[in-house]
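Have a look at the structure below before the remarks.
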Amino acid sequence: MTTHQQTHNWDLVERMLHEVQNGAGQPFVPRRCAEELADALQQAGKPIDNLDSLKAQADDYEATLLTGGFIAPRPEAEGGNGENFELTPRGAQLLSMIDSTFPGEEHPREVLDRHGLAALTPEVFDGLAPRATLV
């Protein structure tokens with residue numbers, strides 16, 4: 001196989017964004033998202049290489065999503081407890097692009113993957129998002 005550009009684990013990112021979206025009043029625990037993804041993959045007969053690595057990746061994504069403006073601390077009036085987040089407009093757009101519950105949505109993930117790990121930097125994402133959702 002030829003050299004493969006490193007890309008994001010969109011299934012994990014999607015699971016984390018859904019957790020943020022539904023997390024009013026609950027602490028956000030990225031490592032639990034990784035455990036749930038690992039369980040789902042194992043139930044689907046897909047092997048998990050390293051759960052600890054997946055958990056560390058979830059912690060990294062939390063920082064990336066926060067610093068990239070995809071998630072923000074949830075206001076107390078909206079169920080914020082200092083340990084949870086809400087989706088920002090950018091985060092909601094990312095979730096709509098990568099959401100696996102919509103049929104035929106692989107294309108936006110492919111568009112994002114062409115930009116490798118830079119896809120979650122605000123400058124790159126904001127330029128890609130309109131193209132990925134329109135195509």
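Couple of notes before you dig in:
- Within the range 54-108, the set of residues being surrounded by 16 or more Cβ atoms within 10 Å (Cβ to Cβ), touching a Ser or Thr at 6+ places or on another chain (Cβ under 8 Å) and under 18 Å from P30 (Cα atoms) comprises G68, F70, I71, A72.
- Residue pairs meeting the criteria (Cβ under 8 Å; at least 6 apart or on separate chains; first surrounded by fewer than 17 Cβ atoms within 10 Å (Cβ to Cβ), in the range 109-121; second modelled with pLDDT of 90 or more and of a type outside the set (D, E, K, R)): D113/H8; D113/A119; L117/H8; A118/V124; T121/G68
- Criterion: touching a Leu at 6+ places or on another chain (Cβ under 8 Å), farther than 14 Å from H8 by Cα and of a type in the set (S, T, N, Q) - qualifying residue of Q42, Q93, Q21: Q21
- Entirely in the range 8-107, the helices (runs of 4 or more DSSP H) that have 3 or more residues that are over 24 Å from D126 (Cβ atoms) and free of Cβ contacts under 8 Å to residues at least 24 places away in the same chain: 30-43, 51-67
- For the range 61-85, residues that are closer than 16 Å to C33 by Cβ, of a type in the set (D, E) and at pLDDT below 95 total 1.
- Between L128, L54, the distinction of being over 12 Å from the mean Cα position of the chain (by Cα) and at pLDDT below 90 belongs to L128 only.
- Considering R90, R74, the condition of being of a type in the set (K, R) and out of contact with any Asp or Glu (no Cβ under 6 Å at 6 or more places or on another chain) is satisfied by R90 alone.
- Per-region count, the range 31-79, residues touching a Pro at 6+ places or on another chain (Cβ under 7 Å) and of a type in the set (S, T, Y): 1
The values are calculated or read from the model by the stated rules, or taken from the named source; none is laboratory data. Please read all numbers here as calculations on a predicted model, not as lab measurements. Here the Cβ is made from the backbone with ideal geometry for all residues, glycine too, and neighbour counts use every protein chain on show.
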